[in-house]
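Undergrad: For reference, the structure I am asking about is given below.
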Amino acid sequence: MTMVAILSGAGISTDSGIPDYRGPNGLWRRDPEAERLVTYGPYMADPEVRRRSWLMRRDTPVLTAEPNAAHRAIAAFERTGGHALRVITQNVDGLHQAAGVPDRKVLELHGTVRSVVCTACHARSPMAEALERLAAGEPDPACRACGGILKPATVMFGQRLDPVVLGDAMSVAKAAEVFLAVGTSLQVQPAASLAGIAAEHGARLIIVNAEPTPYDALAAEVVREPIGTALPALLERLR
C-alpha cells in the first residue's frame, strides 16, 4: 500500500473564498494593525485587541466557506483503496474534514479556527458558541470553566507549533512514498521543511503551486496550473 502525504497551504482554499492571511505576503503580514489581532502577546495583554480580534473572527469568511474541487478530490482519493493517505495542512479552515477526510487523517499544523481554547485551563469549546456570546453582548467572552482568557484554537504569531503535531507531521513526511505540496509557497518554516524531509527520505515530491518555491529543484514534478483542476487530475493519475 502506497503511503501518500499531502501538505496543503493557503492556495488550496482560495477557490473557497478564503484569502491568504498568514503567509509571507498574506493580509496579516501586510497590515501591522491586523497582525496585532493575531499575535499572542498583544492579544493576551490588551482587552481592546481581544475585542477587535473577536469582531474580526465574527466577520471572517472562513467559518462560512465550503470545500472546493481540490478538497473534494482529496476526500475522494482517501476513499479509494491501494494507498494510505495523510493530510498535513497549514490552514485553519477545517475544509479537508468538511469535504470528508477523517479527522484522524488530518494534521493541522496551525490549529483550527472552528474551536476556541482557554489560555488558563485549556478547556476547548466550539467557535460558534463563543460567537453566539459575542452577539449576545459579551465583547470578550471568558472561559466558562475558570474565567480565563479565550482564544481561537489556532497558533498565533508568537506561539510555537504544537510539538506533538509537528513531530507527527515529520514522521509522515519521512514515511511518505509520494509527497504532494499543494498551494503552499514552502517559505514558512518549519512546515516548509517537510517537503525537503520527504525528498531526503526517498519520496517522490510533487509541487502544485502557481509560483516557484525553494524546493522546486527537489521535485520530480512541478505543476503550475490552477489547483482546482490540476489536483483532481493529478490524484486521478495516482490512483
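Undergrad: Could you say whether any residue in the range 120-132 is assigned to a strand (DSSP E or B) and either of a type in the set (A, V, I, L, M, F, W, C) or touching a Cys at 6+ places or on another chain (Cβ under 7 Å) (or both)?
TA: So far as the range 120-132 goes, no, none of its residues is assigned to a strand (DSSP E or B) and either of a type in the set (A, V, I, L, M, F, W, C) or touching a Cys at 6+ places or on another chain (Cβ under 7 Å) (or both).
Undergrad: I need the full set of residues from the range 73-107 which are open to solvent by 30 Å² or more (accessible area, probe 1.4 Å), in contact with a helix residue (DSSP H, G or I) (Cβ under 7 Å, 6 or more places away or on another chain), in contact (Cβ under 8 Å) with a residue 40 or more places away in the chain and not aliphatic (A, V, I, L, M), in order please.
TA: Scanning the range 73-107 gives a single hit, Arg86.
Undergrad: Another question, if that's okay. Quick check on my filter: what residues within the range 9-25 are modelled with pLDDT under 75 and either out of contact with any helix residue (DSSP H, G or I) (no Cβ under 7 Å at 6 or more places or on another chain) or not in a loop (DSSP other than H, G, I, E, B) (or both)?
TA: Pro24, Asn25
Undergrad: Return the total of residues in the range 73-103 being modelled with pLDDT of 95 or more and either acidic (Asp, Glu) or not in a helix (DSSP H, G or I) (or both).
TA: Counting residues in the range 73-103 that are modelled with pLDDT of 95 or more and either acidic (Asp, Glu) or not in a helix (DSSP H, G or I) (or both) gives 16.
Undergrad: With the requirement that a residue be part of a helix (DSSP H, G or I) and surrounded by fewer than 23 Cβ atoms within 10 Å (Cβ to Cβ), what does the range 63-72 give you? Talk me through it step by step, then tell me what you get.
TA: First, pick out the residues of the range 63-72 that are part of a helix (DSSP H, G or I): 63-64, 69-72.
Answer for the range 63-72, where residues must be part of a helix (DSSP H, G or I) and surrounded by fewer than 23 Cβ atoms within 10 Å (Cβ to Cβ): Leu63, Thr64, Ala69, Arg72.
Undergrad: Okay, next question. In this structure, does Val164 turn out to be modelled with pLDDT of 95 or more, among the β-branched types (Val, Ile, Thr) and open to solvent by 40 Å² or more (accessible area, probe 1.4 Å)?
TA: Values: modelled with pLDDT of 95 or more: yes; among the β-branched types (Val, Ile, Thr): yes; open to solvent by 40 Å² or more (accessible area, probe 1.4 Å): yes.
Yes.
Undergrad: Filtering the range 191-232 down to residues that are polar (S, T, N, Q) and assigned to a helix (DSSP H, G or I), which residue is most open to solvent (accessible area, probe 1.4 Å)?
TA: Taking the candidates together, the pick is Thr229.
Undergrad: For the range 108-122, what are the residues that are farther than 25 Å from His71 by Cβ and open to solvent by 40 Å² or more (accessible area, probe 1.4 Å)?
TA: To start, the set of residues in the range 108-122 that are farther than 25 Å from His71 by Cβ comprises 118-122.
Those that are farther than 25 Å from His71 by Cβ and open to solvent by 40 Å² or more (accessible area, probe 1.4 Å): Ala120, Cys121, His122.
The values are calculated or read from the model by the stated rules, or taken from the named source; none is laboratory data. In this text, all values refer to a predicted model and were calculated from it rather than measured experimentally. FYI the Cβ positions are ideal-geometry reconstructions off the backbone, even for glycines, and counts take in every protein chain you see. What goes into the accessible areas is simple: the full protein's heavy atoms, side chains included, and nothing from ligands, DNA or RNA. Shrake-Rupley method; radii C 1.70, N 1.55, O 1.52, S 1.80 Å.
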